Structures are given as structure tokens and as C-alpha cells.
Amino acid sequence: MSMLVFVFGDSVAWGLYDDRGGWVGRLWNGRSRLVYNLGVDGETSEDVSKRFIAEAKVRGANKNSIIVFALGVNDSSHMNGSHRVGLDEYVHNMEGMIDQAGEHFTKKIVCVGLAPINESKTVPFILERTISFYSLDRHEYDLALEKMCNRKNVFTYRLEISSFTIIFQRTESTRYLRVTL
């Protein structure tokens, strides 16, 4: 039987504008695992927390599955002068999903840090002028996620994107997961 991997996230996880499915699509790449890309463009931790249990359950998540949460950039974005999801609520949502994943499915849970931001394209966001993404906010949310995951003993990886490679750097060691584009 194939290993089941569930990736819940936003457009970065989904692979917006990438015909190969972004970094999540490359996790599968014909290997003996089934990877469900459950990223949705524009979603926040609030959105994912409402759907993740039902979506994991219907796809057969179990104690041997791996659940990956890769979201937070949209939470940290500004719309109409304030964050779409406040920092404390973001951490609360992420912690709740981690707890629910462990209770209902598996202890194999991974969080991916927030994607880097290029403010020349995100203030305001070129695709939606009412939204802005700021590097300082992204950094604050990323650090809060890492701190909460360390407290809960959940693996966290930093996401770094170069022209040809996405690098996931384990925050407590020097291990890397490279996904070539």
C-alpha cells in the first residue's frame, strides 16, 4: 500500500501558475506514495481549519499517513487596513489543526514555514489590489509558527525558493529537502 501524504495549504502549496503542481506535485513524482494536494488559492488557517478533518477523512487518512500544513502567508496579509487573520488567532488555528490531526489521524505532522515575499509585487498585491503582503508580518507569523511547533514537537521546515529549487530547511538541524523545479 502507498504512503498517504496530505498537504493542506494556500496557493503556494497548490502550485498556482505551475503546470507541474508546485512543490507538492514534486513530492509525488511517481514514487510509492499518494500525495493529496489540498492547497486552495487565497485560503487562510481559518478556512483550512473548517475543512481539513472532512477532507482527510474522506481520503482515508490514518495513523500511518503524513499530514502537512503549509499556510500562513494569507493570514499575515493586510486587507482593509488589518491582518486577514490576527497573529494570535493564526497560532490558535494552527495549534488546533495539529491537535485534531494527532487525535483523529496521525502523529506524523509537518508544518512548512511561510513563503518569502517580494514586496515590489505584493504591496499592493499585483493580482488583488485590496490586499498587501509585507515581509515583516510574514516573518513574525513564521517565527510564531516555529515557536508553537517546537513547543508541540512538530517538525517545521523553512521554505526558500530560488529560480530552480525549493529548499525546505529543518529549523532545528541542517537537514534539507530539495525539490527541483
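Under 6 Å between Cβ atoms, at least 6 apart or on separate chains: pull out the pairs that start in region 8-26 with a residue that is in contact (Cβ under 8 Å) with a residue 24 or more places away in the chain and crowded, with 19+ Cβ neighbours inside 10 Å and end on any residue that is β-branched (Val, Ile, Thr) and part of a helix (DSSP H, G or I).
Close Cβ pairs satisfying both conditions: PHE8/VAL48; ALA13/VAL24.
One line per residue, one yes/no per condition, for (1) in contact with a Lys or Arg (Cβ under 8 Å, 6 or more places away or on another chain); (2) surrounded by fewer than 20 Cβ atoms within 10 Å (Cβ to Cβ); (3) of a type in the set (Val, Ile, Thr); (4) at positive phi:
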residue: GLY42; (1), (2), (3), (4): no, yes, no, yes
residue: VAL58; (1), (2), (3), (4): no, yes, yes, no
residue: LYS63; (1), (2), (3), (4): yes, yes, no, no
residue: MET97; (1), (2), (3), (4): no, no, no, no
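Looking at region 107-118, is at least one residue in a strand (DSSP E or B), in contact with a Leu (Cβ under 9 Å, 6 or more places away or on another chain), under 28 Å from PHE133 (Cα atoms) and free of Cβ contacts under 8 Å to residues at least 60 places away in the same chain? Write out each step before concluding.
Within region 107-118, the first condition is being in a strand (DSSP E or B), and the residues that meet it are 109-112.
So of that shortlist, the ones also in contact with a Leu (Cβ under 9 Å, 6 or more places away or on another chain) come out as 111-112.
If we keep only those that are under 28 Å from PHE133 (Cα atoms) too, we end up with 111-112.
If we keep only those that are free of Cβ contacts under 8 Å to residues at least 60 places away in the same chain too, we end up with 111.
Within region 107-118, one or more residues are in a strand (DSSP E or B), in contact with a Leu (Cβ under 9 Å, 6 or more places away or on another chain), under 28 Å from PHE133 (Cα atoms) and free of Cβ contacts under 8 Å to residues at least 60 places away in the same chain.
Taking the options SER2, SER76, SER82, SER45, name whichever one is touching a Gly at 6+ places or on another chain (Cβ under 8 Å) and among the hydroxyl-bearing types (Ser, Thr, Tyr).
SER45
Of (1) of a type in the set (Val, Ile, Thr); (2) modelled with pLDDT under 85; (3) surrounded by fewer than 22 Cβ atoms within 10 Å (Cβ to Cβ), VAL5 satisfies all except one. Which?
Against the list (1) of a type in the set (Val, Ile, Thr); (2) modelled with pLDDT under 85; (3) surrounded by fewer than 22 Cβ atoms within 10 Å (Cβ to Cβ), VAL5 comes up short only on (2).
Return yes when SER77 is under 19 Å from GLY96 (Cβ atoms) and polar (S, T, N, Q) and no when it is not.
no
Can you name every residue in region 110-162 that is closer than 21 Å to SER82 by Cβ, modelled with pLDDT of 90 or more and charged (D, E, K, R)?
Across region 110-162, the qualifying residues are ASP137, ARG138, GLU140, ASP142.
Go through region 69-106 and count every residue that is aliphatic (A, V, I, L, M) and free of Cβ contacts under 8 Å to residues at least 60 places away in the same chain.
7
Hey, which of the strands (runs of 3 or more DSSP E) in region 1-103, taking only ones fully inside, have at least 3 residues that are under 24 Å from ASN150 (Cβ atoms)?
3-9, 66-70
When only residues in region 119-143 that are touching a residue at least 24 places away in the same chain (Cβ under 8 Å) and hydrophobic (A, V, I, L, M, F, W, C) count, which is surrounded by the most Cβ atoms within 10 Å (Cβ to Cβ)?
Among them, the one singled out is PHE133.
Scan region 27-54 residue by residue and report those that are under 18 Å from GLY113 (Cα atoms) and either among the small types (Gly, Ala, Ser) or at pLDDT below 90 (or both).
Selection gives LEU27, GLY39, GLY42, SER45, SER49.
Of the numbered conditions (1) more than 23 Å from VAL35 (Cβ to Cβ); (2) among the basic types (Lys, Arg); (3) outside any helix (DSSP H, G or I), ARG138 satisfies every one except a single condition; which is it?
(3) is the only condition that ARG138 fails.
Just to be sure before I move on: is LEU71 surrounded by fewer than 23 Cβ atoms within 10 Å (Cβ to Cβ), at negative phi and out of contact with any Lys or Arg (no Cβ under 7 Å at 6 or more places or on another chain) in the structure I sent?
Details: surrounded by fewer than 23 Cβ atoms within 10 Å (Cβ to Cβ): no; at negative phi: yes; out of contact with any Lys or Arg (no Cβ under 7 Å at 6 or more places or on another chain): yes.
Judged against the criteria, LEU71 is not a match.
The values are calculated or read from the model by the stated rules, or taken from the named source; none is laboratory data. Everything numeric in this text was worked out from a predicted model, so none of it was measured. Neighbour counts run over all protein chains shown; Cβ positions are idealised from the backbone, glycine included.
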